[in-house]
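Have a look at the structure below, then the notes.
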C-alpha cells in the first residue's frame, strides 16, 4: 500500500513508515527536483518503496520525469506515458531547487529528430583520464590526471557519451570542504572534481547533463552540498547551474586562478 497525496515534507515520514509500504513522490508538490531527490533518499532511509507520480504534460514535465524516473521503484502510469515522448531541452534548477522552464522551445509530445540528447553513465577512473588530460592538463604528464581520491571509498566517475565516444567527464568524492558552507553537516559534503567537456561539444548541453547526474548521485548518497574548486573561466557555467562563490579568488600553481563554489541541496 503506497501513500498517494500526503507525503510532501520531511515531517510526514515517521507516520507514513508506520502506516504504509511506500510513498508517491510528486515533484511539483514537493517543490522541484532537488526536494524530490531528498524525499527519495529519506524514503530509502525509512525502508519505504517509492513511486514517481505524474508530472505536467509539458516539455518541463517530461524532462523532470526522465531525470527522476530511474531513481524510483515504481512509476505512475501517467509518468510512463511522459517517458514515451521527447524530452526537449530539459529543465534547470534555481537556487532553491525549484524546476524552471527551458529557455528554448522543446517539441512537446512530438519527437524532434534534430534534438541532441546526452547519455551519461558511470565509468571507471581510467576512462575519465584521457579527457581530463586533454582539457584540464594539456602539456603536462598524463600521471597528473590520476587523482589520489580516484580509488577512495565512495568515489564515482561519470562520462557523457556521443555515439559511444566519451566527450565529457566528471568525478564525485565523499569529502567535506575546508570552507564553512551554510547548512552543511559534517560528513555530508560531496566534492566535484575533474569536470571537463571537449571543446567541440561545449554549448550543447553535455556539461549540464553531466552536472545533473553528479548532483543526483550526490543528493541520493546523503549530500547536503556539492562543492568544487572552479577555474575562474568556468565560474559562469557553475553560477548558471545554481552554484555560489564563497571566499576570494586564489591561484593553483601550474593551473591558474580558481574560486571555491558550492551548490546546496537544501
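The values are calculated or read from the model by the stated rules, or taken from the named source; none is laboratory data. Since the structure is predicted, the reported quantities are computational estimates derived from the model, not experimental observations. We place every Cβ from the backbone using ideal geometry, glycine too, and count neighbours over all the protein chains shown.
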Please work out which residue is farthest from residue 223 (Cα to Cα), limiting yourself to segment 19-37 and to residues that are at pLDDT 80 or above and surrounded by fewer than 21 Cβ atoms within 10 Å (Cβ to Cβ).
-> 19
Determine if segment 183-199 includes at least one residue that is assigned to a helix (DSSP H, G or I) and assigned by TED's automatic domain parsing to the domain that holds residue 129.
-> yes
So which residues in segment 203-221 are touching a strand residue (DSSP E or B) at 6+ places or on another chain (Cβ under 9 Å) and surrounded by fewer than 17 Cβ atoms within 10 Å (Cβ to Cβ), if there are any at all?
-> 204, 221
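Here's the yes/no breakdown for (1) without any contact (Cβ under 8 Å) to a residue 24 or more places away in the chain; (2) touching a strand residue (DSSP E or B) at 6+ places or on another chain (Cβ under 7 Å):
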{"position": "227", "(1), (2)": "no, yes"}
{"position": "233", "(1), (2)": "yes, no"}
{"position": "236", "(1), (2)": "yes, no"}
{"position": "239", "(1), (2)": "yes, no"}
{"position": "246", "(1), (2)": "no, yes"}
{"position": "253", "(1), (2)": "yes, no"}
{"position": "259", "(1), (2)": "no, yes"}
{"position": "266", "(1), (2)": "no, no"}
For residue 220, which of the numbered conditions (1) under 17 Å from the mean Cα position of the chain (by Cα); (2) under 14 Å from residue 189 (Cβ atoms) fails to hold?
-> (2)
Whichever residue in segment 137-164 is out of contact with any helix residue (DSSP H, G or I) (no Cβ under 7 Å at 6 or more places or on another chain) and surrounded by 11 or more Cβ atoms within 10 Å (Cβ to Cβ) and, among such residues, is farthest from residue 211 (Cα to Cα) = 140
